[in-house]
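Enquirer: Quick one: structure below, then a few questions.
The values are calculated or read from the model by the stated rules, or taken from the named source; none is laboratory data. A quick note: this is a predicted structure, and the numbers were derived from the prediction, not measured. As a convention, Cβ positions derive from the backbone with ideal geometry for all residues, glycine included, and neighbour counts pool all protein chains shown.
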Amino acid sequence: MSLLNIFEIAGSAMTAQSQRLNVVSSNLANADSVTSSNGRPYRAKQVVFSELVFGGATGSGVKVTGVIEDPSPGKQVFDPKHPLADAQGYVTMPNVSVVDEMVNMIAAARSYQNNVEMMNTAKTLMLKTLSLGQ
Amino acid sequence: MTTLTPLDNLFQFHQNALNLRAFRQQLLATNIANADTPGYKARDIDFAAALRDVTAGRTVSLNASNGRHLGAATGNDPAAVLYRSAQQPSIDGNTVDMDVERNRFADNAVHYDANLTFLNSQIKLMLAALQG
């Protein structure tokens, strides 16, 4: 029954969006992490979405094909007292754009909500179908 | 087409319509789920045309203007799936417009519900006639 497929479609989209939300929170939390286990400043991460085609069925969901690191250079802040400052007195900060991440977070939350409502509608329709003829 | 009893005939139309509605609901769900997927193109069916085709017993096929053309593998789709022409496509190639999709999704759900109500009343009518 094709209505059952909607659960899989919405479910995959919700998984993908929550993964996006996870990455956003990691970026926001590390917006000031000037160093990490590899000794370099934290780099902003982004998820890559792609269409997930189910075998045989018409609908398709969403999957996260990978998490990429933002290649843009980090912000240089002049702070000669900082222990990680270079010879010129500059500290390389992470390349996280807090405003971009906030926008990303709201977009992910809205998409997630949309999928939840979609699932609710499909559930209502299916329950009504089950009670057909009673 | 298989031979239908009068009872089958009575419910056939609503059965076809419900099938198409469920199929369309799935396509619209796919559109909403892929609202953030780069390069994804929104899909939909022409419901009126699809219902006309199904009611007339026609199946989905490609036009062949030459005898050597191959038919398309259409699978089990009850209707021809079309791409929506986007009003405001985004720069990543995605053509899902969330307002349009939500609108169609709700509209389709109400129609599905209406179909069920009609079918239910037909069933009740038939039961009343059978039981007296």
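Enquirer: Step by step: first the residues of the range B:25-46, then only those that are in contact (Cβ under 8 Å) with a residue 40 or more places away in the chain and part of a helix (DSSP H, G or I), then the one that is farthest from the chain's Cα centre (by Cα). Which residue is that? Walk me through it before giving the result.
Expert: Here is the first cut: in the range B:25-46, the residues in contact (Cβ under 8 Å) with a residue 40 or more places away in the chain are B:25, B:27-29, B:31-32, B:34-44.
Filter once more, keeping what is part of a helix (DSSP H, G or I): B:25, B:27-29, B:31-32.
Values: B:Gln25: 7, B:Leu27: 8, B:Leu28: 10, B:Ala29: 13, B:Asn31: 14, B:Ile32: 16 Å.
Result: B:Ile32.
Enquirer: Mind counting the residues in the range A:64-74 that are outside any strand (DSSP E or B) and either of a type in the set (S, T, N, Q) or surrounded by 14 or more Cβ atoms within 10 Å (Cβ to Cβ) (or both)?
Expert: Looking only at that region, the number is 3.
Enquirer: What are the residues in the range B:16-43 that are within 27 Å of B:Leu119 (Cβ to Cβ) and aliphatic (A, V, I, L, M), if any?
Expert: Passing the criteria: B:Ala17, B:Leu18, B:Leu20, B:Ala22, B:Leu27, B:Leu28, B:Ala29, B:Ile32.
Enquirer: Same structure, new question: Suppose we keep only residues that are polar (S, T, N, Q) and either crowded, with 22+ Cβ neighbours inside 10 Å or part of a loop (DSSP other than H, G, I, E, B) (or both) within the range B:1-24. Which one would you say is nearest to the other protein chains (Cβ to nearest Cβ)? Give the derivation first.
Expert: Applying the first criterion (polar (S, T, N, Q)) to the range B:1-24 yields B:2-3, B:5, B:9, B:12, B:15-16, B:19.
Filter again for either crowded, with 22+ Cβ neighbours inside 10 Å or part of a loop (DSSP other than H, G, I, E, B) (or both), leaving B:2-3, B:5.
Working: B:Thr2: 21, B:Thr3: 23, B:Thr5: 17 Å.
Only one residue tops the list, namely B:Thr5.
Enquirer: I'd like to verify a number: residues in the range A:79-106 that are hydrophobic (A, V, I, L, M, F, W, C), more than 19 Å from A:Arg43 (Cβ to Cβ) and at pLDDT below 95, how many?
Expert: 2
Enquirer: Can I ask one more? In the range A:40-51, which residues are part of a strand (DSSP E or B), of a type outside the set (Lys, Arg) and either buried (at least 20 other Cβ atoms within 10 Å of the Cβ) or more than 14 Å from every other protein chain (Cβ to nearest Cβ) (or both)? First the steps, then the outcome.
Expert: Our first condition is that a residue be part of a strand (DSSP E or B); within the range A:40-51, this holds for A:45-51.
Subsequent filtering for residues that are of a type outside the set (Lys, Arg) retains A:46-51.
A:Val47, A:Phe49, listed by residue number.
Enquirer: Follow-up. Counting only residues that are part of a loop (DSSP other than H, G, I, E, B), of a type in the set (A, V, I, L, M) and loosely packed, with under 14 Cβ neighbours inside 10 Å, which one in the range A:81-134 is farthest from the other protein chains (Cβ to nearest Cβ)? Walk me through it before giving the result.
Expert: In the first step, residues of the range A:81-134 are kept if they are part of a loop (DSSP other than H, G, I, E, B); the result is A:81-89, A:93-97, A:131-134.
Remaining after also requiring of a type in the set (A, V, I, L, M): A:84-85, A:87, A:93, A:96, A:132.
Subset that is loosely packed, with under 14 Cβ neighbours inside 10 Å: A:84, A:87, A:132.
Details: A:Leu84: 36, A:Ala87: 41, A:Leu132: 6 Å.
Top of the filtered list is A:Ala87.
Enquirer: Given (1) surrounded by 22 or more Cβ atoms within 10 Å (Cβ to Cβ); (2) under 10 Å from the mean Cα position of the chain (by Cα), identify the lone condition not met by A:Val23.
Expert: Single failed check for A:Val23: (1).
Enquirer: Filter the range B:25-83 down to residues that are within 14 Å of another protein chain (Cβ to nearest Cβ) and at positive phi and give me whichever is modelled with the highest pLDDT.
Expert: As a first pass, look at the range B:25-83 and keep what is within 14 Å of another protein chain (Cβ to nearest Cβ): B:25-45, B:50, B:60, B:73-83.
Checking which are at positive phi leaves us with B:39, B:75.
Working: B:Gly39: 92, B:Gly75: 57.
Of everything passing the filter in the range B:25-83, B:Gly39 is modelled with the highest pLDDT.
Enquirer: A:Gly61 - would you say it is touching a helix residue (DSSP H, G or I) at 6+ places or on another chain (Cβ under 7 Å) and either within 10 Å of chain B (Cβ to nearest Cβ) or assigned to a strand (DSSP E or B) (or both)?
Expert: Values: touching a helix residue (DSSP H, G or I) at 6+ places or on another chain (Cβ under 7 Å): yes; either within 10 Å of chain B (Cβ to nearest Cβ) or assigned to a strand (DSSP E or B) (or both): yes.
So A:Gly61 passes the test.
Enquirer: Residue by residue through the range B:93-122, note down the ones that are under 24 Å from A:Phe49 (Cβ atoms) and more than 10 Å from chain A (Cβ to nearest Cβ). Please lay out each step first, then the result.
Expert: Taking the range B:93-122 first, the residues under 24 Å from A:Phe49 (Cβ atoms) are B:93-105.
Those that are under 24 Å from A:Phe49 (Cβ atoms) and more than 10 Å from chain A (Cβ to nearest Cβ): B:Gly93, B:Thr95, B:Val96, B:Asp97, B:Asp99, B:Val100, B:Asn103, B:Arg104.
Enquirer: Limited to the range B:20-29, what total is found for residues that are closer than 19 Å to A:Asn115 by Cβ and in contact with a Phe, Trp or Tyr (Cβ under 9 Å, 6 or more places away or on another chain)? Break it down stepwise before answering.
Expert: Initially, the range B:20-29 is screened for residues closer than 19 Å to A:Asn115 by Cβ, giving B:22, B:24-29.
In the following step, the residues that additionally are in contact with a Phe, Trp or Tyr (Cβ under 9 Å, 6 or more places away or on another chain) were identified as B:22, B:24-25, B:28-29.
Qualifying residue count for the region: 5.
Enquirer: Which one is nearest to B:Asp92 (Cα to Cα), of the residues in the range A:26-39 that are of a type outside the set (Ser, Thr, Tyr) and surrounded by fewer than 18 Cβ atoms within 10 Å (Cβ to Cβ)?
Expert: Taking the candidates together, the pick is A:Leu28.
Okay, residues lined up against (1) in contact with a strand residue (DSSP E or B) (Cβ under 6 Å, 6 or more places away or on another chain); (2) more than 30 Å from A:Met126 (Cα to Cα); (3) more than 14 Å from chain B (Cβ to nearest Cβ):
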site	(1), (2), (3)
A:Leu3	no, no, no
A:Ser33	no, yes, yes
A:Thr65	yes, yes, no
A:Asp79	yes, yes, yes
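Enquirer: Going through A:Ser37, A:Ser12, A:Ser26, A:Ser18 one at a time, which residue ends up being in a loop (DSSP other than H, G, I, E, B), among the hydroxyl-bearing types (Ser, Thr, Tyr) and either under 30 Å from B:Leu20 (Cβ atoms) or more than 8 Å from chain B (Cβ to nearest Cβ) (or both)?
Expert: On the way: A:Ser12 fails: in a loop (DSSP other than H, G, I, E, B); A:Ser26 fails: in a loop (DSSP other than H, G, I, E, B); A:Ser18 fails: in a loop (DSSP other than H, G, I, E, B).
Matching residue, one of A:Ser37, A:Ser12, A:Ser26, A:Ser18: A:Ser37.
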